[in-house]
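For reference, the structure discussed in these notes is given below.
No lab work stands behind these numbers, since they all come straight from the coordinates. These figures come from a predicted structure and were not determined experimentally. No Cβ is skipped: glycine too gets one built from the backbone with ideal geometry, and neighbour counts run over all protein chains shown.
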Amino acid sequence: MRIDIITLFPEMCRCALLESIIGRAVKSGAVTLEFHQLRDYAFDKHKRVDDTPYGGGMGMVLKAEPIALCFEDICSKLGLRPHFVYMSPQGRVLNQQILKDTAEKYDNICILCGHYEGIDERVLEELVDEEISIGDYVLTGGELAACVYADSLCRMVPGVLSDEECFTEESHYNGLLEYPQYTKPSVWRGREVPQVLLSGHHKNIEEWRRMQSIIRTREKRPDMYKIAKISEFEIE
Ligand SMILES: C[S@@+](CC[C@H](N)C(=O)[O-])C[C@H]1O[C@@H](n2cnc3c(N)ncnc32)[C@H](O)[C@@H]1O
């Protein structure tokens, strides 16, 4: 998978995404991340990427032309048109199913980060394929949202996570929250690790984990529990 990010603050995205697991995946070539400075595409005499909103009101709006020029430059360098996503509080709220579908469907994604009051609406009409929100609240810019989106997409690409870090047992992947995790020591401040995890009995451990997943989903996320795939036997 290749992800291109268009932003006024490429360093913010670089810092967040080129560390740890995703950073290793970039080094190994499992994913490619490219960061594009929107200002490099402001070719008017004042090199402006934003301007005041028509109709008045507060703040500044990102101009259409630099965004279009940057996206078109990415398309021509790639020799294809990536799926173009605008990070926006007005978009579909991100969840694991959207990530799964997107990772399966697209090898090339371009993410646009807005700033100030947002972007000229005509960019959405002319170029953007999809708007994605990371939650019902407003950030100052799209960079943090883009990092959340890119990180959670990249970790689903084969080869990014090692077997031990596999995402298919994690919270949300199968509609349940993950079971509780423990590590050494087996007793910490008088609290013991559940005996079954020390037993070495794989089938019992698997059953215990499945039950814990169901129980904690019911406790912490009743909305997810209501629609989770759980057998009659497990409910009993
Ligand atoms: C201050 S916001 C603009 C909000 C816009 N005026 C509105 O009310 O819909 C600036 C930028 O941050 C990003 N942003 C803010 N909240 C977001 C969210 N929940 N999810 C994704 N991106 C968000 C978008 O790229 C947006 O263009």
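What the table shows:
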| item | result |
| --- | --- |
| Residue within region 185-200 that is more than 25 Å from R221 (Cα to Cα), in contact with a strand residue (DSSP E or B) (Cβ under 8 Å, 6 or more places away or on another chain) and in a helix (DSSP H, G or I) present | no |
| Residue ID - nearest to P66 (Cα to Cα), chosen from residues in region 116-135 that are near the ligand (Cβ under 7 Å from one of its atoms) and out of contact with any Ser or Thr (no Cβ under 8 Å at 6 or more places or on another chain) | I119 |
| Any hit, region 32-50, residues being in contact (Cβ under 8 Å) with a residue 12 or more places away in the chain, more than 21 Å from the chain's Cα centre (by Cα), surrounded by 12 or more Cβ atoms within 10 Å (Cβ to Cβ) and part of a strand (DSSP E or B) | yes |
| Any hit, region 142-160, residues being in contact with a Gly (Cβ under 7 Å, 6 or more places away or on another chain), within 8 Å of the ligand (Cβ to nearest atom) and closer than 26 Å to T7 by Cβ | yes |
